[in-house]
Structures are given as structure tokens and as C-alpha cells.
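**Student:** Have a look at this one before I ask anything.
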Amino acid sequence: MSSRLTARRYAKALLQIGDKQGNVPQLQQELESVAAAVAANADLSRLVASPLVLPTKKAEVFETILVAAKVSETLRHFFRVVAEAGRLNLLPELRRTFADLVDERAGIVEAKVSSAQSLTEAQEKALVASLAVRTGKTIRLSWHQDASLLGGVKVQVGSTVLDASLQGQLRQLKTQLLSA
């Protein structure tokens with residue numbers, strides 16, 4: 001089974017637990033904090049990734065760290081189950097998947113925007129409004145500068161890519177000229 005699918009199953013289970021307890025935002029914030037702490041600490045990252053450390057030992061060490069960090073009992077128990085199953089290495093994917101599931105439920109979709117220059121506030125608002133109408137969802141923009149686009153924008157929403165860049169238009173023109 002792929003790590004992405006496994007992480008999704010664990011994330012869904014945590015979301016269901018959060019729904020029953022009514023503390024999904026708290027769990028998401030704690031999960032973000034734990035994932036950030038692991039990513040920032042080289043020793044902790046090695047522990048999580050190491051296949052040589054027994055899952056039960058990982059669970060014990062992780063439990064001690066989570067207690068010291070004052071993480072909720074729910075998330076501590078969740079990580080105990082994940083660690084004992086030997087899946088603690090999925091933490092980054094699990095965090096990302098959990099956040100995606102929470103956003104999906106809230107009707108929020110991320111639009112990854114690339115442009116040669118930063119967008120003005122008016123351009124951002126117009127783009128968000130246009131994408132919201134097109135998708136029927138709330139849009140959260142993440143912008144990335146890409147000088148190779150020369151001009152215009154390239155937008156990715158889910159698996160859909162909208163290429164309104166000068167580079168994309170030149171590529172399309174080249175294809176048309178070669179096929180004529």
C-alpha cells in the first residue's frame with residue numbers, strides 16, 4: 001500500500017475522532033506543531049525515519065516528548081497507535097493530508113499561482129473571485145515567482161492547470177506552426 005494512501009487513512013481516522021470530540025481545529029494545530037518540531041530537530045527526524053528502532057521504543061520516546069509538549073491525550077494516543085504500527089515516518093504526509101481533508105470539508109481549495117512578477121492586490125482579488133466562480137469553492141492563493149514565464153500567470157487548482165503565461169502562449173504558437 002502506498003504511503004500516501006496509508007497517511008490518508010490515518011488522517012481520516014484522526015478527523016473522525018476530532019469530529020466526535022469537536023476539537024478538529026485543536027488537533028490540526030497540535031499536529032502542525034508536532035510535525036514542525038520533528039522537522040526542526042535532526043535527532044527527532046532520525047528517530048522517526050529510522051527502521052532500526054523498534055516501533056514500541058519509538059512510541060515510548062514519542063509519548064515522552066508529547067507529554068512534555070503538553071499535547072492533548074487524543075493526539076498522544078493517536079501517535080502511540082501510529083508509532084506502534086511502524087508508520088511514524090509518515091508524519092509529514094499525514095500532516096499535509098489532514099490539513100487537506102479539513103480544507104476539503106470547509107470548501108477551501110488551494111490555487112498555486114506562478115508569475116514572472118508579484119501580483120498587485122487588485123489582481124489577486126480578481127483572480128480569487130474568478131477562480132471562486134469557476135470552482136464554486138473558497139480559494140486560498142499561494143504565489144511563487146517564476147521568471148521563466150516572461151509574463152502572465154500560470155494557475156494550478158487541484159489537477160487543473162490554467163496557463164495564461166507568455167511562455168505558454170509561445171509554446172502553443174510553436175505547436176500550431178509546426179503542425180501546419
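**Student:** Which one, T160, T138, T97, has the greatest fluctuation when you compute a Gaussian network model over the chain with C-alpha springs under 10 angstrom?
**Tutor:** Of T160, T138, T97, the most mobile in the Gaussian network model is T160.
**Student:** Here's another thing I want to ask about it. Within the set K20/K125; K125/K154; K12/K58; K12/K70, which residue pairs have Cα atoms separated by over 25 Å?
**Tutor:** Distance filter (> 25 Å) returns K20/K125.
**Student:** Enumerate the amide H contacts of W143 below 5 Å, restricted to partners 5 or more residues apart or on another chain; note that Pro and chain-start residues carry no placed amide H.
**Tutor:** Result for W143 returns V113.
**Student:** Continuing with the same structure: So, counting K/R as plus one and D/E as minus one, what does the shell of residues with Cβ under 11 Å around V153 add up to?
**Tutor:** Overall, the nearby charge balance is -1.
**Student:** For A116, list long-range residues whose amide hydrogen, built 1.01 Å from N in the peptide plane, is under 5 Å from its own amide hydrogen.
**Tutor:** Placed amide hydrogens put D146, G151, G152 under 5 Å from A116.
**Student:** For the chain, what is the mean residue ellipticity at 222 nm derived from helices alone (per DSSP H run of n ≥ 4: -39500 (n - 2.57); sum divided by total residues; nearest 500 deg cm²/dmol)?
**Tutor:** Value at 222 nm, helices only, nearest 500: -20500 deg cm²/dmol.
**Student:** A follow-up question, please. Hey, can you grab everything whose amide H is under 5 Å from the amide H of S165? Only 5+ residues off in sequence or another chain; H modelled, so Pro and N-termini drop out.
**Tutor:** Result for S165 returns V153.
**Student:** Further, regarding this structure: Taking only C-alpha pairs under 8 Å that are 6+ residues apart, what is the relative contact order of the chain in percent?
**Tutor:** So the answer I get is 20 percent.
**Student:** Multiply the residue gap between S45 and H77 by 0.36 nm, knock off their C-alpha separation, and tell me the result in nm, one decimal place.
**Tutor:** 9.5 nm
**Student:** Next question, about the same structure. List the aspartates and glutamates whose Cα sits under 20 Å from the Cα of K57, skipping any in the same chain fewer than 8 residues away.
**Tutor:** Counting by Cα, and skipping residues close in sequence, K57 has these aspartates and glutamates nearby: D43, E73, E84.
**Student:** For the chain, modelled as a Gaussian network with Cα springs under 10 Å, which listed residue fluctuates most, T120, T74, T64?
**Tutor:** So, out of T120, T74, T64, the one fluctuating most is T120.
**Student:** Also, I was wondering about something else. Mean Kyte-Doolittle of at least 0.5 and a Cα length of 15 Å or more along the axis: which whole DSSP H helices of the chain meet both?
**Tutor:** Those that pass (Cα extent of 15 Å or more, hydropathy at least 0.5) are 24-40.
No value in this document is a laboratory result; all are computed from the given coordinates. Quick caveat: nothing in here was measured; it's all calculated off a predicted structure. Positions of Cβ are backbone-derived with ideal geometry, glycine not excepted, and every protein chain shown enters the neighbour counts.
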